[in-house]
1. Would you calculate a helix-derived [θ] at 222 nm for chain A, using -39,500 (n - 2.57) for each DSSP H run of n ≥ 4 and dividing by the full residue count, to the nearest 500?
2. Computed over the Cα atoms of the range A:402-459, what is the ratio Rg over Rh, Rh following Kirkwood?
3. Based on the Kirkwood radius over alpha-carbon pairs, what value in µm²/s does the Stokes-Einstein equation return for the translational diffusion coefficient of the range A:271-393 at 4 °C and 1.567 mPa s?
4. With a cut-off of at most 16 other beta carbons within 10 Å, and DSSP calling the residue loop, which GluC sites (Glu not before Pro) in the range A:357-432 qualify? Please list them.
5. Counting only heavy atoms of protein chains, what accessible area per residue, in Å², does chain A have with a probe of 1.4 Å?
6. Can you send over the carbon and sulfur percentage of the accessible area for the range A:271-393, probe radius 1.4 Å, protein chains only?
7. If amide H atoms are built 1.01 Å from N in the plane of the peptide, which residues on other chains or at least 5 residues away come under 5 Å of the amide H of residue A:64?
8. Please give every one of the lysines within straight-line cross-link reach of residue A:246, meaning a C-alpha to C-alpha distance under 24 Å, and leave out same-chain neighbours fewer than 8 residues apart.
Amino acid sequence: MNIFNTLSNSKKRLDVPRVRIYLCGVTVYDDSHIGHARTIIVFDVLKRYLESAGTSVELVQNFTDVDDKIIKRARAESSSAGVISERYITSYFRDFDELHVIRADSYPKATEHIDDIVEFIKILEQKGAAYSTQNGVYFAVSSFSKYGALSKKKTDELQSGARVEVDDSKRDPLDFALWKFSGDDPSWESPWGRGRPGWHIECSAMSTKYLGENFEIHGGGRDLIFPHHENELAQTESCTGAPFAKIWMHVGMVTIDGEKMAKSTGNVRSVRHVLDMWGPNIIRLFCISGHYSKPIDYTEDLLCADLARWRQAETCYFELLHARGQKDGAPDALGEMVISFDNAMQDDLNTHLALSAFFSIIKMTNQMAADGTLGRNNADAIKTELDRMMKILGLVIPEMEKEEMQKIDELIIQREEMRKERKFNDADRIRDVINGMGVELLDHDGRTVWVKREEIRAEN
RNA sequence: GGUACGGUGGCAGAACGGUCAUGCGUGGGCCUGCAAAGCCUAUACAAGGGGGUUCGACUCCCUCUCGUACCUCCA
């Protein structure tokens, strides 16, 4: 498949049997929000798609568990950094398991790789790319000629635009910390003095440790391009002397009602909140409804549109389960739609177009169900394809208990008898009971199909 | 100020040098005992402004303009 590479500013072909991906995960100092969810869901879909196409994928996603914000929070709560990060790692997994995100192959933490980080800095020092001051150890940006290639920035412009107070002890304002001296919790001994790692170094040390020097995809949110990924790229290539990731893949930002998510203004939607409101399927649909590289706006209207589409998918799924039509033979159009789904995914993970194909299959199916041409063979052929797509997209129709399904079938038979006897009040009462179970009845010509509706709180 | 990305119908959002997807919404209809769901059908002056290239541009080029993001907190 092709994936857009931020570094080369062009799509790059990715045709290898094994794809190694390093995804910059979250800093665990607070609950995850919808922006994190989008990035992680996009990579989850990428992984699922590659694997469905027979590619083996190794996904490594870090937790940043040493950071000023964690320390600040720990102080505010008279707690420790370890307690804070453990708490939010736990809530991360709770949130993202519920979002149907398949677990990565490993989730390395900065605090568990201090030795690797120290080794990494040692090499940089030996190569003359790092130096110490009274505050810490710094990477010398001037030692890396390609600095700025990823973010398309020129070093002289960066300096003039710097908006942070300059640390005079650094040789160059652009230089960034590899190791910060500090005796506070958390801190570790190092050849240069007690302290903790800088932000970028953990990803360099851990990605190369787990995936090698030159792995296929390095990803994260667009906001990480500068400085995080630029700095990672500089220090890693300086250390290894080899090219770093082959493709840099960046996911666009999520805005809320047209504005940047900012904790300071309370303009944030946590994963917990959106899951409670909309459930996993609609959130996933929302996250992949536009192209991953572009920004997407979280608004109630858009989520409602995704809800409407999800309802159609549910209807289709149960129509397929109950298919009894007379005519049969797999519809020709199905093959074309499957091809356009795969073509869309192949072309830079164009989930928007892939969803178009997915929903055109659903529309076609509901059409056949409506005019009675959805036979068993048709249904099976369609269901096979739809199941495959849903698996790739991570959409899941909730499972039902056998007893519940039997109960529904019994009630429908009872209702049918009442209807035949034209006892509509009784029939409607049974329908109310069924509705109360979260099940909707679709009365077709002479037969009734039922649909289990996922309960969506936002709908009420 | 610099850099990047973008401005397509009421909203969202693709592709493409010539026929302007698709979804949501809205109007009408079908089905139904009623409803729901679903289907059918209609709807939309659609391309920020101005130049240019071309037989022909939403699609390529230039320019202006507006928006968003980033410029060491950030997914």
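1. Here the helix-only value at 222 nm equals -15000 deg cm²/dmol.
2. 0.99
3. In µm²/s, the coefficient rounds to 85.
4. Qualifying residues, ordered by number: A:399, A:401, A:421.
5. 46
6. 54
7. HN-HN under 5 Å from residue A:64: A:26, A:27, A:28.
8. Output for residue A:246: A:11, A:12, A:47, A:109, A:127, A:146, A:152, A:153, A:154, A:209, A:294.
The values are calculated or read from the model by the stated rules, or taken from the named source; none is laboratory data. Computed from a prediction, not measured in an experiment: that's the story for all the values here. For neighbour counting, all protein chains shown are included, and Cβ atoms are generated from backbone atoms with ideal geometry for every residue, glycine included. We work out accessible area using only protein heavy atoms, side chains counted, and drop any ligands, DNA or RNA first. Shrake-Rupley method; radii C 1.70, N 1.55, O 1.52, S 1.80 Å.
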